[in-house]
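A.B. asks: Below: one structure in structure tokens.
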Amino acid sequence: MSPVFEGHFIAPKGRFALCVSRWNGPITEQLRAGAEDALVRHGVAHGDVDVYKVPGTFELPGLVRRLAEGGQYVGVVALGCVIRGGTPHFEYVASEAVKGIGQVALQAGCAVTMGVLTCDTVEQAVDRAGMKSGNKGAEAAMACLEMVNLYARLHPAKKR
């Protein structure tokens, strides 16, 4: 049987950044709370989680890039919420945020994950922020934790 490599959910040494949009704040605050709770429940110390807030979801990629490039964090989680309205604004913001965070994740020296909700209604957003469909912030944090550990397995520290 071929070897299988995957991450695990044991807290690594290092710090995590949660990047949170203030737009749709009641939703994004639930995503942040879920993400922080998931990390802490898996052994990450409260003091090893920093929260950064930006005005809206469109601003997330710039902050995520700067934090990922800074070398201070083993993982960065982007959390936001865009709800469809009556104009094309939804498509522009959602598309650019997802594309920007994805580009950072491809180039970053740390794990980068995304818990950005793109919903048709407020009800869908509420459900995905912890009411009916789990908490997508917690899921993004768990994915980040797993990727941090998988990346560490790919490039283990060299023994001297």
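A.B. asks: Failed condition for residue 126, given (1) among the aliphatic types (A, V, I, L, M); (2) in contact with a strand residue (DSSP E or B) (Cβ under 8 Å, 6 or more places away or on another chain); (3) assigned to a helix (DSSP H, G or I), with all others met?
C.D. replies: (2)
A.B. asks: Just wondering, is there one or more residues in region 102-116 that are in contact with a helix residue (DSSP H, G or I) (Cβ under 7 Å, 6 or more places away or on another chain) and either farther than 30 Å from residue 154 by Cβ or among the basic types (Lys, Arg) (or both)?
C.D. replies: No.
A.B. asks: Which of the residues belonging to region 134-150 are touching a residue at least 12 places away in the same chain (Cβ under 8 Å) and surrounded by fewer than 18 Cβ atoms within 10 Å (Cβ to Cβ)?
C.D. replies: Of everything in region 134-150, just one residue is touching a residue at least 12 places away in the same chain (Cβ under 8 Å) and surrounded by fewer than 18 Cβ atoms within 10 Å (Cβ to Cβ), namely 150.
A.B. asks: Moving on. Checking residue 121 against (1) touching a Pro at 6+ places or on another chain (Cβ under 6 Å); (2) farther than 25 Å from residue 44 by Cα, which single condition isn't satisfied?
C.D. replies: Only one criterion is unmet by residue 121, namely (1).
A.B. asks: Can we say residue 125 is modelled with pLDDT of 95 or more and out of contact with any helix residue (DSSP H, G or I) (no Cβ under 9 Å at 6 or more places or on another chain)?
C.D. replies: The answer is no for residue 125.
A.B. asks: Could I ask something else about it? Please identify the pairs in which a residue from region 32-50 that is within 9 Å of residue 15 (Cβ to Cβ) has its Cβ atom under 6 Å from the Cβ atom of a residue that is surrounded by 15 or more Cβ atoms within 10 Å (Cβ to Cβ), counting only partners at least 6 apart or on another chain.
C.D. replies: Going by the 6 Å Cβ cut-off, the qualifying pairs are 44/11; 48/15; 49/16; 49/36; 49/39; 50/17.
A.B. asks: Out of region 129-145, which residues are over 12 Å from residue 77 (Cα atoms) and at pLDDT 95 or above?
C.D. replies: So in region 129-145, the residues over 12 Å from residue 77 (Cα atoms) come out as 129-135.
If the condition is that a residue be over 12 Å from residue 77 (Cα atoms) and at pLDDT 95 or above, then 129, 135 are the ones that fit.
A.B. asks: Same structure, new question: Out of (1) surrounded by fewer than 19 Cβ atoms within 10 Å (Cβ to Cβ); (2) under 18 Å from the mean Cα position of the chain (by Cα), what's the single condition that is false for residue 131?
C.D. replies: Evaluating residue 131 over (1) surrounded by fewer than 19 Cβ atoms within 10 Å (Cβ to Cβ); (2) under 18 Å from the mean Cα position of the chain (by Cα) leaves (2) as the failure.
The values are calculated or read from the model by the stated rules, or taken from the named source; none is laboratory data. This structure is a prediction, so every number in the text was calculated from the model and none was measured. Using ideal geometry, Cβ is built from the backbone for each residue, glycine included, and neighbour counts are taken over all protein chains shown.
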